[in-house]
Structures are given as structure tokens and as C-alpha cells.
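Below is one structure, written out as C-alpha cells, with a few remarks after it.
Readers should treat all values here as calculations from the given coordinates under stated rules, not as data from a laboratory. Here the structure is a predicted model, which is why all the values come from computation and not from measurement. Please note: Cβ atoms are built from the backbone with ideal geometry, for glycine as well, and neighbour counts cover all protein chains shown.
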Amino acid sequence: MISPVFAALISLVFKTNFLASTLLFFGLPALYLSFKAKKAVKKAILFTLILLPLGVVFDFLGVTDHSWYVPRTVFPIRLLGTVPIEDVLWGMLLVYETILFYEYFLDKGKNNPLQKRSLGFIALSLVSFVIFLVLFCFSPRLFIFSSFNYFYFKAGTIILLVPTIVFFSFFPKLIFKFVITGVYFFALGFIFELTGLKLNQWTFPGKNFVGWVEILGYRFPFEEFFFWFVLFAAALLSYYEFFADDRK
């Protein structure tokens, strides 16, 4: 907890931008864990890169749906004219740090290589991204409208909730380790969220949410609370253990 609190204090005192806060909250801990869990670094990087294309698509659709929006970016361009590069860096660091945290604190002593079944996940990620790019280039009208009809809730349920439930039904022994990881990243995500909202680093301009959560005067969608704070670490590790690790 010391690192997130420190990152929040530095961000608030110096009124940092989204990029700087991301490096404070996720970059520094990721760097520390890279030295502590050296044997897991290569696999963590590879798995992060596998998820990158899917993450870009998810972020593009979310921004298009007005599920979230970053009003200011330090970069001169946005990917596909929509996605701020800060979002991509945040997502990559979050995935990378989560895996290293899990490997260092809870999967001690293991040094399993990336499993061959990861090839199927790589193919899924790349094919999905290619299909998206083809549609984006040749059928841009599909993305002109401003609403995907509760995109955040539906995508979170399909991509995060359902796979996690299915994974736990087959590998219940991993629940404890996932919960321990989830507790830390719940706290990290919660502090990061309040800090970002305080500094207006992102907003939630849309209306396609199932509900809202208000804490300490700051308001954000229920989907943000449930899918990112509560569920994300467990969901990510479900994919990681199933496709890249030993499921033990």
C-alpha cells in the first residue's frame, strides 16, 4: 500500500498528467518487480504483448461508446484517431505488473516457459485485431454512431466475468492466490481512480451504464468499479494461467 499512497501524493501535489501518474502508480512498481522476479519478466512481457491488440480494440470501442474519455494527452496523435497513447501504456503496465506481482509473491519458485497453448491465444488476438482493422478501414460507418448499447457492461461480462467463472469451476485451487492478488490491485485501482478523477485525467461522459458509484464526492460507473477494481486481476490471471502458465 505504500507505493500507491506515495504515487497519489506525488500526483496530487504536483498535479501530474495521466502519463506521469501512470508511471508513478504502475511504472515504478513494475520496474521494482522486474528486478525481484527476473525469471518471470520475459513471459510477462510476451503475454502483455499478446493482449495488446485486443486492448487497443477494447479501448477504441469504449471511447467510441463514450464509456470513458481522456480529455488531454501529451502525445500529438491518438491511435486510430481515438485512443490516447496513455491508455495503451496504462493497460500494458497494469497487465505486466499484475503478472509479476502474482509470480513473485504467489507463484514463488516457478519458472515455467510460455506454454504452447499460448499460440492459440496469439492467433485469436491477431485475427481479432485484423478483422477490426478491416472493418475500420472499409466499413467505417460501423463506428460512426456514438453508442454500442451498454458496451462496457456487455464487454466486461463476456471478456472478464464469464471466463473467470468458468476458469474457477475447473481450477478452484487457484482462487485463493487470485483473491490475494485482487485485494492489492483493488486498492491500487481505487486510489488511482480517485486521483485521476481529482486531476480530471479522464471522464465518463456516456449514459450507457447500469449504475453509478459515488465515493468521497467522486462519481464513476458501476462497471468501472466491478470490472476494473474487483474483477480485473482475477480475470487476467485466469487467461494467464490457462494459456501461458501451468494452471497450478
For segment 192-230 the number of residues that are over 22 Å from Val95 (Cβ atoms), touching a Phe, Trp or Tyr at 6+ places or on another chain (Cβ under 7 Å) and surrounded by 21 or more Cβ atoms within 10 Å (Cβ to Cβ) is 0
Within segment 176-190, which residues are in contact (Cβ under 8 Å) with a residue 40 or more places away in the chain, β-branched (Val, Ile, Thr) and surrounded by fewer than 19 Cβ atoms within 10 Å (Cβ to Cβ)? Val179, Ile180
So the helices (runs of 4 or more DSSP H) completely within segment 124-229 holding 3 or more residues that are more than 30 Å from Leu24 (Cα to Cα) and not β-branched (Val, Ile, Thr) are 162-170
Return a yes/no flag: does segment 56-70 have any residue that is on the phi < 0 side of the Ramachandran plot, in contact with an Asp or Glu (Cβ under 7 Å, 6 or more places away or on another chain) and either among the aliphatic types (A, V, I, L, M) or surrounded by fewer than 18 Cβ atoms within 10 Å (Cβ to Cβ) (or both). yes
Any chance you could count how many residues in segment 24-48 are part of a helix (DSSP H, G or I), of a type in the set (A, V, I, L, M) and buried (at least 19 other Cβ atoms within 10 Å of the Cβ)? 5
For Leu94, which of the numbered conditions (1) outside any loop (DSSP other than H, G, I, E, B); (2) farther than 26 Å from Thr203 by Cα fails to hold? (2)
Return yes when Ala233 is touching a residue at least 60 places away in the same chain (Cβ under 8 Å), within 20 Å of Pro4 (Cα to Cα) and surrounded by fewer than 18 Cβ atoms within 10 Å (Cβ to Cβ) and no when it is not. no
Verdict on Gly81 being among the small types (Gly, Ala, Ser) and part of a loop (DSSP other than H, G, I, E, B): yes
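For Lys43, indicate whether it is more than 17 Å from Lys198 (Cα to Cα) and without any contact (Cβ under 8 Å) to a residue 12 or more places away in the chain. Please lay out each step first, then the result.
Values: more than 17 Å from Lys198 (Cα to Cα): yes; without any contact (Cβ under 8 Å) to a residue 12 or more places away in the chain: no.
When the stated conditions are applied, Lys43 does not pass them.
Does Phe75 fit the bill of being buried (at least 20 other Cβ atoms within 10 Å of the Cβ) and either without any contact (Cβ under 8 Å) to a residue 60 or more places away in the chain or of a type in the set (Phe, Trp, Tyr) (or both)?
no
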